[in-house]
Amino acid sequence: MKKFLLAALVAQILFSNVAAAVEIIDKPIKWTANRERLIREYTLEHYGFEATEIEPRAVVVHWTAFGSCDSTYRYFYAEAFDSGIDAGTLNVASHFLVDRDGTIYRLTSETALNRHAIGYNWCAIGIENVGGVDGAEDLTVAQLQANVELIKYLHEKYPTIEYVFGHYQQVEAKKSGLFIELVPDYFAGKPDPGKIFMRHLRDYLEGDGLKFFPI
Ligand SMILES: [Zn+2]
């Protein structure tokens, strides 16, 4: 009896230490040769070389500032901005979109080059979290858990990933040496995904050999 209890206890400890396999749902945005052409144009203008793929070096965490997963998905779906001024330029997109309930959607290939963080698109995987409307720091515990699992999964799969930072830390993150931007004064201040979320994310992931910047 005692032996059985001990074995059960050991099993319980072992299972609690095994990270649950992250669940990812593929929900691809529109991706044709036209998007790839626009990506190459973007990279040539902003980085000085043509590429459509990345070797991930960083993960940039965002919030959408849109109210719903659907509206964000619809926004990212188009390959080009269709406003009069920006017609014909590459639309923004991220690799992952995390809904309020923690559901993780993969919108593109994990190593696609997506436009989500000025200066870092050539090397960064983007995770968008639904929330942050009007700057409210309202991301959920389920989203936090999903981000922790997703980043652990990515770090294991791509050991080249060294940094995790929030979009609002884009200036501080230049210390990584990863920032490249050839267009002068091309910059937009960002508040996402909020300091509270980044503080929790750092607390859960810091021991995993990932580097964070001061929150
Ligand atoms: Zn952002």
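Coordinate-derived values only; no laboratory data. What you see is a predicted model; the values in this text were computed from it and never measured. Counting neighbours? That spans all protein chains shown, and the Cβs are built from the backbone with ideal geometry, glycine included.
Quick look at the numbers
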item: Proximal charge balance of Tyr105 [Cβ under 9 Å; K/R count +1, D/E count -1]; result: 0
item: Ranked by how many other beta carbons lie within 10 Å on average, peptides 120-128, 21-29 from highest; result: 120-128, 21-29
item: Sequence-distant residues sharing a close amide H with Arg115 (under 5 Å, placed H); result: Ala93
item: Net charge over other residues, Cβ less than 10 angstrom from the Cβ of His167 (K, R count +1; D, E count -1); result: -1
item: Karplus-derived HN-Hα couplings along the range 108-116 (A = 6.51, B = -1.76, C = 1.60, θ = phi - 60°), whole Hz, x at Gly and Pro; result: 9, 4, 5, 10, 6, 9, 10, 8, 9
item: Simple spin-label estimate for Ala142 and Arg37 in nanometres, 7 Å along Cα-Cβ; result: 4.1
item: DSSP bridge pairs, the chain: antiparallel proportion in percent, nearest 5; result: 25
item: Within straight-line cross-link reach of Lys30, aspartates and glutamates at Cα separation under 18 Å, skipping those fewer than 8 residues along the same chain; result: Glu41, Glu53, Asp70, Glu79, Asp82, Glu110, Glu128
item: For the range 124-170: rounded, prolate or oblate by the Cα gyration tensor [a/c cutoff 1.5]; result: oblate
item: Normalised contact order of the chain, rounded percent, pairs of Cα under 8 Å and 6 or more residues apart; result: 24
item: Cβ-based net charge around Val22, under 9 Å, with every Lys or Arg adding one and every Asp or Glu removing one; result: -1
item: Rounded if a/c under 1.5, otherwise prolate or oblate - the range 64-137, Cα gyration tensor axes; result: oblate
item: The range 121-199, relative contact order in percent, only Cα pairs under 8 angstrom and at least six apart counted; result: 38
item: Relative packing of peptides 169-177, 144-152, 45-53 - highest average C-beta neighbours within 10 Å first; result: 144-152, 169-177, 45-53
item: Cα gyration tensor shape for the chain, rounded if a/c is under 1.5, else prolate or oblate; result: prolate
